[in-house]
1. Order the peptides 26-36, 124-134 from the highest to the lowest mean number of other Cβ atoms within 10 Å of their residues.
2. Assuming a ≥ b ≥ c are the square roots of the Cα gyration tensor eigenvalues, decide whether segment 86-264 counts as rounded (a/c under 1.5), prolate (otherwise, with a/b larger than b/c) or oblate.
3. Rank by packing, highest mean first: peptides 269-275, 417-423, 196-202, with packing defined as the count of other Cβ atoms within 10 Å averaged across residues.
4. Tally the DSSP beta bridges in the chain and give the antiparallel ones as a percent, rounded to 5.
5. Can you give me the relative contact order of the chain as a percent, contacts being Cα pairs under 8 Å and 6 or more apart?
6. Could you work out the percent of alpha carbon pairs in the chain separated by over 37 Å, rounded to a whole number?
7. Each label point is 7 Å from the Cα along the Cα-to-Cβ direction; what then is the distance between the points at residue 280 and residue 375, in nm?
8. Can you give me the Kirkwood hydrodynamic radius for segment 207-360, using every pair of distinct Cα atoms, in Å to one decimal?
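Each reported figure results from applying straightforward, stated rules to the coordinates on display, with no laboratory input. Source: prediction; values computed, not measured. Glycine also receives a Cβ, built like all others from the backbone with ideal geometry; neighbour counts cover every protein chain displayed.
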């Protein structure tokens, strides 16, 4: 959201200043502050109407903002830690730590106390919203769920299950060409008693600003997410900043933040790998991760996790090996199975089968990129270049389309439409899949493989994390962690030792002032 002048030399990247003698890039932040302060009317101080704002207040710490970005950051902080903001709660935790159980328990309790309770459930993408609905539905009907859920009256559980999660854009009434752009805002707040936002790590600073503005008095807001996952592709790392601020001594957010740490979803080996990736000492984390991948690690006893330590739950494959060729065959066989079910009209079964296996790429392009994997699978299926609308083609919506009630991240599957060769796209809804003629679709992409960024909010029985042949600025600790934790039972990592080590030792760096403002 800003440029931190204290870290200005680091932002020069890999420039060799000895060779780039013509480039003046002072390492001293004071030189930058002085130059920017003299750049009126382009650069101004907080409160001015300049397009760029130099914030040198104690909270600002010497940061250069777009005026809009500074305003949004200040408003987020004010609404989170200012007066009369006690209605905001934060629930943090990694995959499988019980966040869904906590949410389900709270919703059941609310409906038992007042059946007329108005709730809204939302997530940043359609894919995350669909996963939220599925996870809640499964938990509400799980015989192993806590007694508060299991023993709740059937009509209460049915009422919770009937609440359909939507994207945040849909919740706020996004209008790309409207004024204002969102139907709901401070002057027209959301009319709910409780708003629950899942996968909050994906919220950009701007979207969080608009969300908080639309939450009026009397509405409780629950932000749920994993601060260690990838942040939004847009500016900001809001949930990460909130988590760091809440952990600080004397934080005003501490009493409103709960962090869950015990994992229940996957076995100890995948959990151990996730922990290794997140170790503060990147070199030690890389060494631990490689020990796990090479089978030199034994999971310690965990009384809170009943899953057995299955060495087969983790596999490491280097490109070009026989094991890599076998993995390609596994990917093609999975796609063929989904295609067969879809072609037979078994739509629900095909949608479920699609969740069994997923290729997750770090990059779109390149030899091991998402585009290459999608083309490879389609060629092996015999559909490349024939028609884009073949039965079993997995789809992801890449752009919001409010007219069709489709939003970025929604996933579906191409299936026969039942009329003279017509093809439909079937989108899961929690009950019967929703069908649309493919002729009405606009911005969609094939997802035999998809990027790790796009996979956030998803869960697959077997997740295959494909790293590039060489380390890059994109391949970071957070990206690898996000990919690994998409798996529920098995994870395969494709990549060299050097790329894995580079990823774990390189955390994402984002410049924001939100953590300081929340302190």
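1. Values: 26-36: 14.0, 124-134: 23.9.
Per-residue mean Cβ counts within 10 Å order the peptides as 124-134, 26-36.
2. Here segment 86-264 falls in the oblate category.
3. Working: 269-275: 23.7, 417-423: 11.6, 196-202: 26.9.
Taking the mean over residues of other Cβ atoms within 10 Å, the ranking is 196-202, 269-275, 417-423.
4. On the way: 24 of 63 bridges.
Close to 40 percent.
5. 17 percent
6. Numbers: 45299 of 134421 pairs.
For the chain, the share of Cα pairs beyond 37 Å comes to 34 percent.
7. For residue 280 paired with residue 375, the spin-label model returns 4.6 nm.
8. Result for segment 207-360, one decimal place: 19.9 Å.
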